[in-house]
Amino acid sequence: ISAFGLGVFTLLKNHKSKVNITWFLTSMAVAIWGVGYVFAISAGNDIEAFRYLHIVYIGACLIPIFSFHFISAFLYKDKKYKYLLYLGYFLGFLFLILILTTRTIITGVKYLEKFGRYEEVTTFGFKMFLAYFCFFAFFNLCFLIRGYLESDGIRKRKVLFILIASLFGFLGGISNFVTDLTGIYPYGQMVVWLYPMLITYGIFLK
C-alpha cells in the first residue's frame with residue numbers, strides 16, 4: 001500500500017521527470033510483489049498459492065531493472081550505462097516470460113510454519129534469476145556509494161537516504177531468496193516497508 005501510494009504521489013508531483021517516472025515504475029513493481037506475497041502466504045492450498053507466486057515474481061522480475069533505471073537516472077548515469085539498461089530490460093522481461101509460461105524458475109510450493117506458503121526453487125533457471133537480481137542490486141549500491149562520496153550539501157543527504165533505503169530493500173528481498181533455498185524465516189521482510197518511504201523522502205528532500 002505504501003509503495004503504491006508513494007509511487008502515485010511521486011508521479012503526480014512531476015509526471016515528466018525521468019526520475020519520478022522510473023521511481024513510480026519501481027514502486028508499482030514493489031506493490032505487485034507485496035500483494036502477491038500477502039495472498040500467497042495466506043492461500044488455502046498449494047494450487048492457489050502457486051498462482052499467486054506468479055504475481056510475486058512479476059514484481060521480482062521488474063524490481064531490479066526498474067530500480068537500476070531510477071538510480072542511474074537520479075545520479076545522471078543512465079546515458080552512460082544505457083547498454084546495461086538495455087541488457088537489464090531484456091533479462092527482466094525474459095525472466096517474466098519464463099515465469100508466466102514455464103516452470104523454469106519456480107517449480108512448486110513449500111510451507112513454512114508461522115509464515116505460510118512460499119515458492120519451491122530447484123532449477124538452474126532460478127539460480128540465473130537470482131544472479132540477475134543480485135547483479136543489479138549490487139550495481140545500485142555501488143552507484144549510490146560512489147554518488148554519496150562525490151556529492152555534497154543537500155544532494156549528499158538525498159543520496160544517503162536512497163542508499164539506506166536500497167540497503168533495506170536489498171536485505172528484505174534477499175531474505176526471501178534465503179527462505180527459498182534454506183527454509184529460514186524471511187526476517188528481512190520486516191524492514192522492506194522502509195524502502196519506498198525513505199526513497200520518496202530522499203527524492204523530495206530540500
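The values are calculated or read from the model by the stated rules, or taken from the named source; none is laboratory data. Worth saying up front: this structure is predicted, and the values here are computed from it rather than measured. Here the Cβ is made from the backbone with ideal geometry for all residues, glycine too, and neighbour counts use every protein chain on show. Accessible surface areas use protein heavy atoms only, side chains included; no ligands, DNA or RNA. Shrake-Rupley method; radii C 1.70, N 1.55, O 1.52, S 1.80 Å.
Worth a mention:
- Hits in the range 49-72 (condition: among the hydrophobic types (A, V, I, L, M, F, W, C) and open to solvent by less than 10 Å² (accessible area, probe 1.4 Å)): 49, 53, 56, 60, 61, 65, 68, 70, 71
- Breaking point among (1) hydrophobic (A, V, I, L, M, F, W, C); (2) surrounded by 15 or more Cβ atoms within 10 Å (Cβ to Cβ); (3) within 30 Å of residue 113 (Cβ to Cβ), for residue 87: (3)
- Qualifying residue in the range 85-101 (condition: closer than 15 Å to residue 137 by Cα and more than 16 Å from the chain's Cα centre (by Cα)): yes
Every residue, every condition in (1) of a type in the set (A, V, I, L, M); (2) within 23 Å of residue 84 (Cβ to Cβ), yes or no:
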site	(1), (2)
120	no, no
125	no, yes
154	yes, no
157	no, no
161	no, no
